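Everything on this sheet refers to the single structure shown next.
The values are calculated or read from the model by the stated rules, or taken from the named source; none is laboratory data. What you see is a predicted model; the values in this text were computed from it and never measured. Cβ coordinates were reconstructed from backbone atoms using ideal geometry, including for glycine residues, and neighbour counts include every protein chain displayed. Note: areas computed on protein heavy atoms with side chains; ligands, DNA, RNA excluded. Shrake-Rupley method; radii C 1.70, N 1.55, O 1.52, S 1.80 Å.
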Amino acid sequence: MTAAGPGTPAAAVPSAPSGRPGPGTPASAAGGGGAGPSRTDRRAGTLQAALGVTAFSLTFPATAWGLEGFGPWSLVTVRCVLAALVAGGCLLALRVPLPARRHLAGLAVVAAGVVLGFPLLTTLALRTSTTAHAAVVVGLLPLTTALLSALRTGTRPSRTFWLAAGSGAAAVIAFTVQQSGGALTGADAYLFAALLICAAGYTEGGRLARVMPGWQVIGWALVLCLPLSAPGALVATAQEPVHLTAHSVAGVLWVAVGSQFLGLVLWYRGMAAIGVPKASQLQLAQPLLTLVWSVALLGERLTPAAPVTAAAVLVCIALTQRARG
């Protein structure tokens with residue numbers, strides 16, 4: 001998304017140096033055959049995915065904090081380096097073997113979409129966009145991820161699933177656009193590009209999490225980016241003035257460790273247990289959570305439409321989780 005910290009499920013922690021899944025790991029995540037995950041495993045997977053979404057919901061406010069002291073390029077490259085150091089330390093400490101060659105292409109997609117592309121494009125957008133407007137991306141992400149997953153893996157969710165997913169996405173989009181006054185900005189090009197490449201990274205990461213532990217998927221993706229992120233951080237910090245403040249340090253630490261690593265560990269474990277399409281729909285709640293954090297941390301004000309939209313989104317999430325693929 002390491003040792004377990006406060007509030008981190010034990011299932012998110014690697015269980016053995018060999019990289020084999022520990023007790024409670026769904027059979028699908030381990031790549032094994034036989035029956036699908038049990039109800040307990042599905043519940044655990046849903047909880048892990050939900051915790052991942054909670055971590056992601058803090059990303060935009062934390063990025064806004066980070067931009068108080070870092071430029072967009074230095075913020076993105078520094079967060080990638082810090083997350084890679086944490087991930088690489090875990091991989092080394094547990095003596096995890098290198099990923100198989102057949103998985104390198106998939107890991108490259110995860111690295112390009114989730115590690116580099118989405119953080120960079122959304123950070124560039126947040127220079128001129130509010131967090132409420134940027135949440136349009138997250139509102140569209142679940143539906144786009146489910147669509148790409150269906151095309152990539154051949155899964156065919158039911159009509160009820162698609163109707164609920166589309167309704168939830170429409171509700172979130174309408175709410176976030178209304179929050180920004182209905183005006184489109186120049187940042188939208190960054191946001192829609194970020195949406196597409198992040199959905200591709202989520203889809204490929206969810207597929208890989210069925211054959212290797214989810215924490216290793218994002219861990220190796222972060223390490224693969226080090227040859228680009230480390231020199232990039234040196235160049236960016238030399239070109240963009242860095243002013244360390246409590247907000248900027250807290251922001252970069254959260255997006256590096258909380259969003260870039262721990263959140264993705266939980267997210268990929270959840271996707272492996274309950275499937276990419278259903279896990280992706282839990283992200284429908286992310287824009288609303290982001291707006292709550294924006295009020296608490298950034299002082300933004302919400303409209304009365306917030307509770308109505310929240311209720312509609314929760315209904316759509318419940319329908320997608322019950323719909324049969």
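So here's what we get for this one:
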read-out	value
Kirkwood Rh, angstrom, segment 52-118 [1 / mean 1/r, Cα pairs]	13.9
For segment 206-214, 3J(HN,Hα) per residue [Karplus equation, 6.51 cos²θ - 1.76 cosθ + 1.60, θ = phi - 60°, Hz, x = Gly/Pro]	x, 5, 5, 5, 8, 10, 8, x, x
Stokes-Einstein diffusion coefficient of segment 259-310, Kirkwood radius over Cα pairs, 10 °C, 1.306 mPa s, in µm²/s	125
Rg ratio (alpha-carbon, reference 2.2 N^0.38 Å) - segment 216-271	1.34
Three principal axis lengths of segment 165-240 [C-alpha, angstrom, descending]	41, 41, 15
Carbon + sulfur, % of accessible area of the chain - ligands and nucleic acids excluded, 1.4 Å	68
Percent of Cα pairs exceeding the 21 Å cut-off, where the set is segment 208-325	58
Magnitude of the charge dipole, the chain, Cβ model with Lys/Arg +1 and Asp/Glu -1, debye to 20	1200
Coarse-grained scattering of segment 100-220 at q = 0.10, 0.15, 0.17 Å⁻¹, given as base-10 log I(q)/I(0) from a Debye sum over alpha-carbon atoms	-0.35, -0.73, -0.89
Extreme residue, positive dipole direction of the chain, given options LEU222, ALA150, GLY71 (C-beta unit charges)	ALA150
Sites LEU151 and ALA246, calculated FRET efficiency, Cβ-Cβ separation with R0 35 Å, nearest 0.05	0.20
Convex hull projection area averaged over all views, segment 95-147, Cα basis, nm²	5.4
